1. What number of residues in segment 144-184 are polar (S, T, N, Q) and modelled with pLDDT under 70?
2. Restricted to segment 185-202, and to residues that are surrounded by fewer than 16 Cβ atoms within 10 Å (Cβ to Cβ) and not in a loop (DSSP other than H, G, I, E, B), which residue is modelled with the highest pLDDT?
3. Would you please name the residue that is nearest to the chain's Cα centre (by Cα), looking only at residues in segment 41-60 that are β-branched (Val, Ile, Thr) and part of a helix (DSSP H, G or I)?
4. How many residues does segment 68-77 contain that are out of contact with any Ser or Thr (no Cβ under 7 Å at 6 or more places or on another chain) and either crowded, with 17+ Cβ neighbours inside 10 Å or not in a helix (DSSP H, G or I) (or both)?
5. Among (1) among the hydrophobic types (A, V, I, L, M, F, W, C); (2) under 30 Å from Met222 (Cα atoms); (3) in contact with a helix residue (DSSP H, G or I) (Cβ under 7 Å, 6 or more places away or on another chain), which single condition is Cys102 missing?
6. Taking the stated definitions as given, is Phe65 on the phi < 0 side of the Ramachandran plot, under 12 Å from the mean Cα position of the chain (by Cα), surrounded by fewer than 19 Cβ atoms within 10 Å (Cβ to Cβ) and not hydroxyl-bearing (Ser, Thr, Tyr)?
7. Enumerate the pairs (first residue in segment 40-56 and of a type in the set (S, T, N, Q); second residue anywhere and surrounded by 10 or more Cβ atoms within 10 Å (Cβ to Cβ)) with beta-carbon separation below 9 Å, excluding pairs fewer than 6 apart on the same chain, so at least 6 apart or on different chains.
8. Take the conditions within 22 Å of Phe162 (Cα to Cα) and modelled with pLDDT of 95 or more and apply them to Ala64. Does it pass?
Amino acid sequence: MWSFVNTLLSPRKFFSFSSRLLPWLSVACLLLLGYGLVGALWLAPADAVQGEGFRILYVHAPSAFLSLFIYAMMAGAAAASLVWRLKMASLVIKHSAPLGACFTFLALLTGSLWGKPMWGTWWIWDARLTSELILLFMYIGILLLISAISTKKRGERAIAIFVLVGFVDLPIIHYSVYWWNTLHQGATLKLFAPATIDASMLHPLMAMMAAFLLYYAIVLFMRMRYELTVVETRPHWLKEKTK
């Protein structure tokens, strides 16, 4: 386990590891996305109450999940950056933030499109929606902070602290449907309880969530590799490798 972690912490080992892994991740992502789309659009039956309109779930739920997952990854990287001053941890924060912002915006957009026919309005200051909007503002704040701070060491510390402060919003988003009386439905997928959705609808949803997760990993690896090889003007270990 420590060997695997050490691989991800070393820029040189990360570059070699990601080179081998990226093709497999890409193939798996395409296969899962293909199955998820076919299952979502054709194999899954229409919902008994919401009809065909429920199919937006297959984009909305994975986007919402990724918006939280990516921020949790950034918070873990922020803690590692503050404690151990890890260069790779700072790169995870820097290159995860724009992806997290995109997934959060997509979750809010698809939620509004779904809410109009179901709730009769594009937007309501529901606890879940409002806390998710705050998360988008957190992502935007992180991106602005990254672009504004010129001093690298001091900037990385400030960004890491900002990320950790924003982490408090994640449990609020998750438990908002239980703590307050909201229009938003409760969790469809639960960690320690059976899913409240039929298998014909569940399997494509899980495939879409896995595909979105792999897409995040692929783009994150590619952005980090670009940072290590181009922005840093080809480090010596890469020059030795390509000779």
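1. Number of matching residues: 2.
2. Of everything passing the filter in segment 185-202, Ser200 is modelled with the highest pLDDT.
3. Val59
4. Here the count works out to 5.
5. (3)
6. It is true that Phe65 is on the phi < 0 side of the Ramachandran plot, under 12 Å from the mean Cα position of the chain (by Cα), surrounded by fewer than 19 Cβ atoms within 10 Å (Cβ to Cβ) and not hydroxyl-bearing (Ser, Thr, Tyr).
7. Qualifying pairs under 9 Å: Gln50/Leu57; Gln50/Trp114; Gln50/Pro117; Gln50/Met118.
8. yes
The values are calculated or read from the model by the stated rules, or taken from the named source; none is laboratory data. Model, not experiment: these values are computed from the prediction. In this analysis, Cβ positions are derived from the backbone assuming ideal geometry, glycine residues included, and neighbour counts consider all displayed protein chains.
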